[in-house]
Structures are given as structure tokens and as C-alpha cells.
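Please treat every number below as a calculation from the coordinates, not as lab data. As the structure is a computational prediction, the values presented were derived from the model and not from experiment. Virtual Cβ from ideal backbone geometry, glycine too; neighbours counted across all protein chains shown.
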Amino acid sequence: MNSNSNEIEKLSSSSSELELDLDRPNLEDYLPSGSSIQEPRGKLRLRDLLDISPTLTEAAGAIIDDSFTRCFKSNSPEPWNWNVYLFPLWCCGVVIRYFILFPVRVLILTIGWIIFLSSYIPVHFLLKGHDKLRKKIERSLVELICSFFVASWTGVVKYHGPQPSMRPKQVFVANHTSMIDFIILEQMTAFAVIMQKHPGWVGLLQSTILESVGCIEFNRSEAKDREIVAKKLRDHVQGAENNPLLIFPEGTCVNNHYTVMFKKGAFELGCTVCPVAIKYNKIFVDAFWNSRKQSFTMHLLQLMTSWAVVCDVWYLEPQNIKPGETAIEFAERVRDIISVRAGLKKVPWDGYLKYSRPSPKHREQKQQSFSESMLRRLEEK
């Protein structure tokens, strides 16, 4: 009986361990139990040190399991060509992808650019006095070139829900994995998007072609840009003839396993917020763009040499701010909706910490809470 009960206890304990949330490590698992190690009385143990302050507990948790870094980490696929039977198939796949599919895709994209530029340049310069017609044609041409981009990846995209329409006082918000999010959404609807300024040929496209659909650029390193952008956003959502406004409130690319904190700017415009959930299937390629390790050109090359880009897009039910709800609470509610639909885990991190150090105000708050906990501990002694 004792052996059976011990086995049951082991099974129950192992099943409870499997139910632990991997993003919130249990520090007790990493601390030695009191019975396993005999320590002299009066000696300071790690368990006692962590009891002093929640700040130290957070620091130990970050060392054990850094959920912030995991949000922006590219996960390399597991190798499957590890034996003599699969390796020849993998070699055949490399030949097909790089020497057959890739040249065909380059040809498709080249034809797309020729058609686009030969139509866009005359329309942009010859229809200066017919703004309404010019914008309509330019909008259709931008959708066309985005469709050529998706075709160059052999994109398999499923759209769920009603297609967005042009209406005033509405803004679309989506989770952000890569700049191709914009291309995938743009091929169906010509959104005006708010985007970070980029160098090179991407920046040239931003300042010329994308400006024709009302895209708004910003530079996160300049504080004055934020005030100008906020005014442009308010003006844009009021216009009935303007393209639907698309915002990625995370402010940075996240690896499609998590959602980081949404910025509240899109939720302070006093208009209807339409959530959009984007989920990539990594069966053929990881669509996450790690901008610190890879240029966008190399990212496109990676997509164009893969078998296909598989993606689902959900246009979800529009949301309005509730009475007594703050903009931050509204943003979190919309983030919940997107995360649940796309199967993403929420983490309480600010995506801008990827580019900058924590603010002095945040550090001072942590220092104050630590000092207060230390004082309380000394008073108890």
C-alpha cells in the first residue's frame, strides 16, 4: 500500500509540474529544500534573501527565465535531415527552392514592379488636378504591387471576417511580427499605416509611394515627432475619404508567440477600434523579422527561398471604449481579444525597451520600493 501511495503522489506531483506556466517560473523549484541541505544556524540563505523584497524576487525570476528576450528571439527550426534517407530529399528541396522557385519568384516580382511603375508614374503626375480619381487609382495600384509581393513568397493567406471599409472615426490595430504584416493586409485593403522611418530602399518607398495612400512616418528617437504624429492621426480619422488607418500598437516586431504592451495612442483618438489578429504558421518559414540581426532585404530573400508563407488574418468585432474605462484599460482589453484569437501569450513588457534603456522614473520607483521593503525588514528585526 505504501509503495502504491508513493507512486500516486509522484504522478500527481509530475502532472502539477506540467501545468506550470513556463513564462512565470516557480522560484521554489530552483531553491534547495530545508531537509536536503543542512546549513548552520544564523547563515543567510537565498530563500531569506528573496523574502526581503519583491524586487529581488523579480530579478531572480528574470535571471532564471527571461521572458522579455524570448519575445524578440528567432527560434531556429529543428533539423529533420539527420539521416541518410532524409538528407537526399532535403538536397532536392534546396535545389528546387533556390534554382527553380526563386528565379520564378524574382521574375514575378520584377513584372509586378514594371506594371506598377509604368502605371503609377503617369497617374501620379498627369492627374494632379483630379485628386479623387488619382487617389483611387493609386490605391488600387498599391494593392496590386502588394499582391505581387505576396505571390513572390507563394503566400497562402486566409482572411476571416468582413473586409474593412472606408468610414470615418475608425482605426484598425494589429499585432506585429514583420513589415510583411503591412503587405499582407494592404493587398486586400489600402490602409494608411503609421510606421517607423527606415533607411535605404524601404525609406524611399515610404517617402514616395506609400505617402500616396496616406501613410504617416515617425521617428521614435525624436520627442517632437510624437506630437506631430498625434495631430496627424486625429486629423486622418476624421476624414470620410481617407484610407482606413492601420496601427501596430506594440511599436516593434514580436516573434508571433507573444504580444507585448500596446501603446495607448491608438486608443485615445475617440473612435472605434477594429482589432486585427495575424498568426503565421511556421511549417515552411518563420515570418518574424529580427531587425537587429537581419536587414529587410535579407528577410525578403529568406521568404522568397522558402516553400511558402502560410498565414491567417482575422478581422474581429469593432470595439468602443466603455464608460469609465481608461485608454490603457481599453488597450489591454483589445490586446486580450487579439491574443486569444491568434493564440498568443501576453507579457507585461514595453516593446520600446528593445531600443532604449528604462526611464529614470521607472528606476526610481523600483529603488523606492526596495528601500521601503528593506526598512520594514529592519524594523521587524
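Would you mind checking Lys136/Lys263; Lys73/Lys345; Lys263/Lys345 for any pair whose Cα atoms are more than 25 angstrom apart? From Lys136/Lys263; Lys73/Lys345; Lys263/Lys345, over 25 Å: Lys136/Lys263.
Full extension of the chain between Asn75 and Glu241 yields a length gain of 55.5 nm, computed as 0.36 nm times the residue separation minus the alpha carbon distance. Dimensions of region 109-263 along the principal axes, based on C-alpha atoms and rounded to the nearest Å, stand at 43, 36, 35, largest first.
Shape index of region 153-354: Rg/Rh, with Rg the Cα radius of gyration and Rh the Kirkwood radius from the inverse mean 1/r over Cα pairs, equals 0.93. From most to least packed by mean Cβ count within 10 Å, the peptides 140-153, 308-321 give 140-153, 308-321.
The residue list Met195, Tyr280, Phe267 was ranked by how far each Cα lies along the charge dipole of region 153-354 toward its positive end, using unit charges on Cβ atoms, and Tyr280 comes out on top. Checking the cross-link pairs Lys169/Lys322; Lys158/Lys293; Lys132/Lys264; Lys132/Lys169 against a 24 Å limit on the alpha carbon distance flags Lys158/Lys293; Lys132/Lys264 as lying beyond it. Scanning residues 5 or more positions from Ile247 or on other chains, those with amide H under 5 Å from its amide H are Phe172, Val173, Ala174, with H placed 1.01 Å from N in the peptide plane.
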